[in-house]
Amino acid sequence: MSIHNILSKIDQNIGLNKQDIMSLLQSSDTDTQLLYEKADELRAKYMGNAVYLRGIVEFSNHCKKDCNYCGIRRSNSIVQRYRIPQEEIIMSCINMEKAGQTTVVLQSGEDPYYTKEKIQNLLVSIKKETNLAITLSAGVRSLNTYKYWKDAGMDRYLLRFETSSVELFQFCHPDETLQTRINALMNLKSIGVQTGSGFLIGLPGETLENLAEDILFTATLKLDMIGIGPFIPNEQTPFAEFNNPFDSEIYFKTISVIRLLNKKAHIPATTAFDAIQPEGRNLLLQRGANVFMPNATPQKYRVHYQLYPGKPCVDESIEDCASCVINRITNMGRSIGKDPGHSILGY
Ligand code: 5AD
Ligand code: FES
């Protein structure tokens, strides 16, 4: 089927099948441009011109899990572990709000030190000191814990499923099952927390068909937010020697296809895109994405939160990223979202 026929299915609200998605991922030259333009058009139509800023505070790099691709996995003894004291986290939030941002993303490894009460305390304090919306990303927890956090002010939660292939998931995660993550996502949705998920593009051994299946699976979840990014080999992990099987253009095409299938989802231009291509995040904002997550982790901790090499902004301060991002966005002719940028699903 030609690119025109596939894209016209979107206008007619006809779902794409695996074959259509694989054709889009394999497109080249002008066809790829048409895909990018369509994704940008849908982003403008459904999500508007504004780019929402969600400052990310990586508040702990302790992790009890051992994901084979991740730089802060438990078995990586080279990493210097940290937990940011609560007052410092709150200061970052206050500064973020002063810089015009409307959401804080609190991210950590799966750190058992952070009991449900400690996180509750953190959520309550941030809500007391600021008007920020709060997105939490701290791994798999029980339904009860998620409920408890929702009551304490948690607005949203991010938990990637990483890959929808049971075999590939097992190969990457020695201590977890895909079903556990999916159950956690279902639990979050069931209690009305705005839920974000997504996957890594190009895990070792992944095929184009796997990638198309991840895209289709993502759409079935009806997510409020979708975060995806390229797998980047980290030399301090068991996956050090694996190269990403795809060329970098596929990562961008994937984001565009995700926009075609999820018109009303918030899609961030994730940080890893700047690691694979300078200004990669800017390009994404013109190819379907509508959210930017500036690094708001106090500078001295940043270098220790390296899930993958080449992470941008490690030498910058919170203020550097906050002003850089405003330039990036206004130079593209886009505005900055003034409201919290909550989910528009169901409107
Ligand atoms: N390359 C790219 N992304 C990675 N993540 C973890 N390790 C890597 C890597 N080597 C991503 C995972 C996780 C998110 C917080 O970071 O998808 O969900
Ligand atoms: Fe951090 Fe540009 S976003 S320096």
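The values are calculated or read from the model by the stated rules, or taken from the named source; none is laboratory data. In this text, all values refer to a predicted model and were calculated from it rather than measured experimentally. Reconstructed Cβ throughout: ideal geometry from the backbone, glycine too, with neighbour counts over all protein chains shown. All accessible areas refer to the heavy atoms of the entire protein, side chains included, with ligands and DNA or RNA removed. Shrake-Rupley method; radii C 1.70, N 1.55, O 1.52, S 1.80 Å.
The gain in end-to-end length when the Tyr46 to Ser75 segment is fully stretched comes to 6.1 nm, 0.36 nm per residue minus the alpha carbon separation.
Shown for the chain: the carbon plus sulfur share of the solvent-accessible area, taken with all protein chains present and a 1.4 angstrom probe, equals 51%. Using a 4.7 Å Cβ-Cβ cutoff, the cysteines of the chain lacking any partner cysteine are Cys63, Cys93, Cys172, Cys313, Cys321, Cys324. Restricting attention to region 26-179, lysine pairs at least eight places apart or on different chains and with alpha-carbon atoms under 20 angstrom apart total 18. Only aspartates and glutamates eight or more places from Lys264 in sequence, or on another chain, were considered; those with a Cα closer than 13 Å are Asp40, Glu41, Asp224. For region 34-109, the residue among Ser108, Ser77, Leu34 whose Cα projects farthest onto the positive side of the dipole built from Cβ charges is Ser77. Our analysis of region 145-213 gives Rg over Rh at 1.05, with the two radii drawn from alpha carbon positions and Rh computed by the Kirkwood formula. Relative to one another, the C-alpha centroids of region 1-68 and region 306-332 are positioned 23 Å apart. Please work out the FRET efficiency for the pair Ser335 and Lys116, using the Cβ-Cβ distance as r and a Förster radius of 30 Å; give the result to the nearest 0.05. That gives a FRET efficiency of 0.20. Accessible area per residue for the chain, computed on protein heavy atoms with a 1.4 Å probe, is 40 Å².
Over region 59-143, the alpha carbon radius of gyration divided by the compact-protein estimate 2.2 N^0.38 Å works out to 1.16. Over all orientations, region 276-347 has a Cα convex hull whose mean projected area works out to 6.3 square nanometres.
Taking 0.36 nm per residue of separation and subtracting the Cα-Cα distance, what length does fully extending Asp315 through Met1 add?
108.3 nm
Only helical runs count toward this figure. For the chain, summing -39,500 (n - 2.57) over DSSP H runs of n ≥ 4 and dividing by all residues gives -12000 deg cm²/dmol at 222 nm. Shape class for region 207-305, computed from the alpha carbon gyration tensor (a ≥ b ≥ c): oblate, with a/c not under 1.5 and a/b at or below b/c.
For region 142-265, the share of alpha carbon pairs falling in successive 10 Å distance bins from zero is 12, 41, 32, 13, 1 percent. Taken over the C-alpha atoms, the chain has Rg and Dmax values of 19.0, 57 angstrom. Put simply, when 226-233, 309-316 are sorted by average Cβ atoms within 10 angstrom per residue, most first, you get 226-233, 309-316. Roughly speaking, what is the centre-to-centre gap between region 96-134 and region 243-290 when only Cα atoms are used, to the nearest Å? Value for the Cα centre distance between the two parts: 27 Å. Each peptide in 287-293, 263-269, 89-95, 329-335 gets a packing score, the mean of other Cβ atoms within 10 Å over its residues, and the list from highest to lowest is 287-293, 263-269, 89-95, 329-335.
Averaged over residues, the count of other Cβ atoms within 10 Å places the peptides 72-83, 243-254 in the sequence 243-254, 72-83, highest first.
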